[in-house]
Amino acid sequence: MKENLGALVTETQNQKTIDLDTYSSLEIVRAMNEEDKTVAFAVEKEVPNIARAVDLIVASFKKGGRLFYVGAGTSGRLGVLDASECPPTFGVPYEMVVPIIAGGPNAFIKAFEDAEDNPSLGKKEILEHNLTKNDTVVGIAASGRTPYVIGALEAAKELGASTVAVVCNPNSPVANAADVKIAPVVGPEVLTGSTRLKAGTAQKMVLNMLTTASMVQMGKVYTNLMVDVQMTNIKLEDRARRIVQTATGAPIDEIDEALKKSGSCKVAIVMILAKVDEGKARELLDKSKGYVRQAIESK
């Protein structure tokens with residue numbers, strides 16, 4: 001028996017935009033903006049579940065485990081986008097947050113829609129990453145019924161890994177396959193069934209929270225500054241200088257000297273605020289497991 005996909009909230013017709021094809025450009029974008037305003041409120045209702053998922057992810061990281069994003073289509077691309085931003089923003093290895101998209105890397109720019117219908121492929125591809133019980137797997141699926149994602153989540157549960165679902169249809173197979181369900185219900189799309197719109201925005205907001213909150217908990221942030229930023233280009237070198245200046249209020253020549261010696265925002269901040277040399281700053285950070293505030297206070 002075929003699924004009744006038309007019954008999904010994300011697939012139903014939005015009665016507010018029933019005459020969309022008659023709208024002017026201004027009316028179209030105004031209608032989209034009005035619908036987009038509802039997304040943050042839908043995500044707000046899921047904040048407790050998002051926090052539960054963050055706790056699972058942090059627990060995995062502290063055991064040396066990884067975070068996996070698994071999705072297809074727009075959902076998979078959002079996972080790739082969020083994962084790819086973690087290394088330059090937080091200075092973590094690319095192996096720490098791993099995106100898996102149905103259809104492989106080429107699916108990021110070219111649709112491979114049939115790949116999502118294969119649960120065995122989802123299971124196979126997550127297991128190819130040597131998944132362990134220390135990992136957390138986040139299945140992303142606006143519809144909540146993507147077989148590829150279900151296969152990956154089931155494989156993860158069999159191994160004892162933590163599992164999270166990010167969906168926009170709460171009573172769905174993907175939601176029911178995970179330990180933690182995050183289900184912002186954004187309602188019908190302006191363009192019927194186009195879940196790259198409100199559903200995609202909601203998912204992006206959730207993924208932002210998952211990685212950002214987890215990295216804060218892992219000591220990748222001091223105050224609200226990204227102190228593990230990698231100085232890999234001119235823009236990021238300038239950002240590093242401004243981060244250290246904001247954190248310490250030190251003269252720019254002292255900041256430049258500390259950054260030159262250490263090559264690290266974290267180390268430079270500890271050097272300046274704890275008034276220690278580079279070696280001692282690194283020692284303090286090692287003892288505090290990378291948490292800047294604790295390193296400074298332990299001096």
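The values are calculated or read from the model by the stated rules, or taken from the named source; none is laboratory data. Keep in mind that this is a model prediction, so the values were computed, not measured. Cβ coordinates were reconstructed from backbone atoms using ideal geometry, including for glycine residues, and neighbour counts include every protein chain displayed.
Before moving on, here are some points about what is shown:
- Residue 244 within 27 Å of residue 214 (Cβ to Cβ), modelled with pLDDT of 95 or more and either within 26 Å of the chain's Cα centre (by Cα) or among the small types (Gly, Ala, Ser) (or both): yes
- Residue within the range 31-42 that is farther than 25 Å from residue 115 by Cβ and either of a type in the set (Val, Ile, Thr) or at pLDDT below 95 (or both) present: yes
- On inspection, residue 198 does not qualify as modelled with pLDDT of 95 or more and not assigned by TED's automatic domain parsing to the domain that holds residue 97.
- In the range 8-36, the residues that are part of a helix (DSSP H, G or I) and loosely packed, with under 10 Cβ neighbours inside 10 Å: 15, 21, 22, 25, 26
- For the range 170-213, a tally of residues being over 29 Å from residue 229 (Cα atoms) and of a type outside the set (Val, Ile, Thr) returns 22.
- Of the helices (runs of 4 or more DSSP H) lying entirely inside the range 220-275, the ones with 1 or more residues being exposed (fewer than 15 other Cβ atoms within 10 Å of the Cβ) are found at 234-248, 252-262.
- Breaking point among (1) surrounded by fewer than 21 Cβ atoms within 10 Å (Cβ to Cβ); (2) touching a helix residue (DSSP H, G or I) at 6+ places or on another chain (Cβ under 6 Å); (3) modelled with pLDDT of 95 or more, for residue 5: (3)
- When residues of the range 160-194 are limited to those that are touching a residue at least 40 places away in the same chain (Cβ under 8 Å) and outside any loop (DSSP other than H, G, I, E, B), the one surrounded by the most Cβ atoms within 10 Å (Cβ to Cβ): 166
- Of residues in the range 133-157 being part of a loop (DSSP other than H, G, I, E, B) and not charged (D, E, K, R), the one modelled with the highest pLDDT: 134
- Checklist (1) at pLDDT 95 or above; (2) out of contact with any Phe, Trp or Tyr (no Cβ under 6 Å at 6 or more places or on another chain) applied to residue 74, failing item: (1)
- Here residue 110 meets each of (1) touching a residue at least 24 places away in the same chain (Cβ under 8 Å); (2) in a loop (DSSP other than H, G, I, E, B) with one exception, condition (1).
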